[in-house]
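Accompanying notes for the structure given below.
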Amino acid sequence: MQNDGADLMFPVKDHPSDKPSWAAMHITVPDPLVAVGPGKSRGVTRNGNGTATYHWKMSVPVANYSIVFNAAPYRLIQDRVRSVAGGTIPIRFYVLPEDFAKGPSLIAETKKYVAFYEKYIGPYPFRKEKLGIVETPHLGMEHSTAIAYGNKFRYNADGMDWLMLHEFGHEWWANLVTCADWKDFWIHEGFQSYMDSLYQEHLHGKEAYLQSMAGRRRGIQNKQAVAPREARASYEIYMQAPDFEKGDGDIYAKGALILHSLRYLVGDEAFFKSLRHMAYPTKAMEAITDGRQERLVTTDDFLTIAELDSGQNLDWFFEVYLRQPHLPKLVVETLAGEMRLRWETPGDLAFPMPVDVEIDGKIRRVEMAGGSGSIRFTGGAPKVDPQGWILKAAD
Ligand SMILES: [Zn+2]
């Protein structure tokens, strides 16, 4: 329903800025089906005629595309996990009977994701409701507190379930923090794709993170701005421009790479602070346990937060990377003993992005005030941006 619209299912003002204040579902299904919805179970009515009615209520504002139920002969696996904020989070996994034995392995894996996300972006937002997983025939979706899981327990060699990691992270980047218009959809998918790569660093170290980011570089298209200023329908920004037929537009990989370059520019401390402040602007909001701390956000909100946390003016960074489609190009001239670097941007937009160069195995940062800079060297020509931190046009 995220792209097609919840108005296919029920009367709704179908815009991300208009979350219903709460949502209740009362689903009657024939035995032995079990219906699972968002929020907390408010019980089951046995109707005495071979059907049962399942009552669910999400008592805080919820994206209309999360007002979904799944019905199947589910078995329920219950567990709990400690939150970094104190207290425990109830886990409810509605698993298909044939996969019952596999259920605990996904829960064990998901507990690792709880620890990862809580470390970087603050407490799981819906601690009082539930951490819900519902097995589905489709691949997955971030339905709040009832994550649709259809990855069939296909774990990577290191045990990771990429789909679960991704959809669960949307409890922060989509359900806690929701874009006010689909033009800012990258705050869901780009931020979450960034977290997916960051998990590689969390598990395996910096090199694995850099490799994951390098892999994302191949998929980007640069056909439309990642975060245009004008309103967009979800498909117009989710799908690839210009025909909107193929999925995974630049809001995913390019969005993640933009955050990657921002991390390089402002440094780890400011970057991770700003991620956390984007999720939770205040400590008081982190203490709320039922999801009431959810809020609508825009790209400009993130600009404000990143500027405050870094103490830098970042207008130029957002302008070049997010507000127009084309990548900056780095022009490199190597003369005898000197390398000259110059940024070229569409419409000569300002772009004072510093650049790392590697000289004799040592990495040095070339400042690019005014969009150009130079560095002297002896020996072989320096390697430009050796770790691939900067999103730029290919040579
Ligand atoms: Zn996603």
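Bear in mind these aren't lab numbers, they're just calculated from the coordinates by the rules spelled out. Because the structure is predicted, anything quoted here is derived from the model rather than measured. Here the Cβ positions follow ideal geometry from the backbone for every residue, glycine too, while neighbour counts run over all protein chains shown.
For the residues SER144, SER17, what sequence is obtained by ranking on other C-beta atoms within 10 Å, fewest first?
Sorted ascending by nearby Cβ count, the order is SER17, SER144.
Taking 35 Å as R0, compute the FRET efficiency from the Cβ-Cβ separation of ASP18 and THR334 and round it to 0.05. Please report the intermediate quantities before stating the final value.
Values: r = 55 Å, r/R0 = 1.58.
Approximately 0.05, to the nearest 0.05.
Using amide H atoms built in the peptide plane, which far-off residues or other-chain residues are under 5 Å from CYS179 H to H?
Amide H neighbours of CYS179: VAL297.
Put a dot 7 Å past each Cα toward the Cβ at THR45 and ARG82; how far apart are the dots in nm?
4.2 nm
Is the stretch 1-147 best put as rounded, prolate or oblate by its Cα gyration tensor, with a ≥ b ≥ c the root eigenvalues, rounded for a/c under 1.5, and otherwise prolate when a/b is larger than b/c, oblate when not? Don't jump to the answer; show the numbers that get you there.
Values: a/c = 1.68, a/b = 1.13, b/c = 1.49.
Oblate, because a/c is 1.5 or more while a/b does not exceed b/c.
Among GLU129, GLU294, GLU333, determine the one that fluctuates most according to a GNM of the chain built with springs between C-alpha atoms less than 10 Å apart.
GLU333
From zero up to wherever the largest Cα-Cα distance of the stretch 1-75 sits, split into 10 Å bins and tell me the percent of pairs in each.
Reading upward from the zero bin: 20, 45, 28, 7, 0.
Starting from the Cα gyration tensor of the stretch 215-261, take the square roots of the eigenvalues, sort them a ≥ b ≥ c, and report rounded, prolate or oblate (rounded when a/c is under 1.5, otherwise prolate if a/b is larger than b/c, else oblate).
Oblate.
Please give the charge dipole size of the chain, origin at the Cα centre, charges +1 on K and R Cβ atoms and -1 on D and E Cβ atoms. Round to the nearest 20 debye.
Using only the charged Cβ atoms, the result is roughly 1000 debye.
Which angle between 0 and 90 degrees, to the nearest 10, do you get for helix 253-266 versus the longest principal axis of the chain when only C-alpha atoms count?
60 degrees
In units of 2.2 N^0.38 Å, what is the alpha-carbon radius of gyration of the stretch 70-222?
Ratio of Cα Rg to 2.2 N^0.38 Å: 1.04.
Using a ≥ b ≥ c from the Cα gyration tensor of the stretch 240-302 (square roots of the eigenvalues), is it rounded, prolate or oblate, where a/c under 1.5 gives rounded and otherwise the larger of a/b and b/c decides, a/b for prolate?
On the way: a/c = 3.21, a/b = 1.44, b/c = 2.23.
Oblate, since a/c reaches 1.5 and b/c is not below a/b.
Project the alpha carbons of the stretch 179-322 onto their principal axes and report the range along each, largest first, in whole Å.
44, 36, 33
Figure the gain on full extension for LYS152 and LEU203 (residue separation times 0.36 nm, minus the Cα-Cα span) and round it to one decimal in nm.
16.1 nm
Any idea which of THR334, SER372, PRO382 is furthest toward the positive side of the dipole for the stretch 329-384, if Lys and Arg beta-carbons carry +1 and Asp and Glu beta-carbons -1?
Looking along the dipole axis, the top candidate is PRO382.
Under the Karplus relation 6.51 cos²θ - 1.76 cosθ + 1.60, θ = phi - 60°, what is the ordered set of whole-Hz ³J(HN,Hα) values for the stretch 97-110, x standing for Gly and Pro?
So the J values, rounded to whole Hz, are x, 5, 10, 3, 5, 7, x, x, 5, 6, 5, 4, 5, 5.
Are any of the pairs LYS40/LYS128; LYS57/LYS111; LYS19/LYS223; LYS130/LYS273; LYS19/LYS111; LYS183/LYS223 more than 19 Å apart by Cα-Cα distance, and if so, which?
LYS57/LYS111; LYS19/LYS223; LYS130/LYS273; LYS19/LYS111
Per DSSP helix of 4 or more residues, -39500 (n - 2.57); summed, then divided by the residues of the chain. What does that give at 222 nm, rounded to the nearest 500?
-8500 deg cm²/dmol
I'd like to know how the stretch 329-384 sits against the 2.2 N^0.38 Å rule of thumb: what's its Cα Rg over that expected value?
That works out to 1.12 for the stretch 329-384.
So if each residue of separation counts as 0.36 nm, and I subtract the Cα-Cα distance between ASN3 and LYS383, what length gain in nm does that give?
132.5 nm
How fast does the chain diffuse by Stokes-Einstein, in µm²/s, taking the Kirkwood radius from C-alpha pairs at 10 °C and 1.306 mPa s?
71 µm²/s
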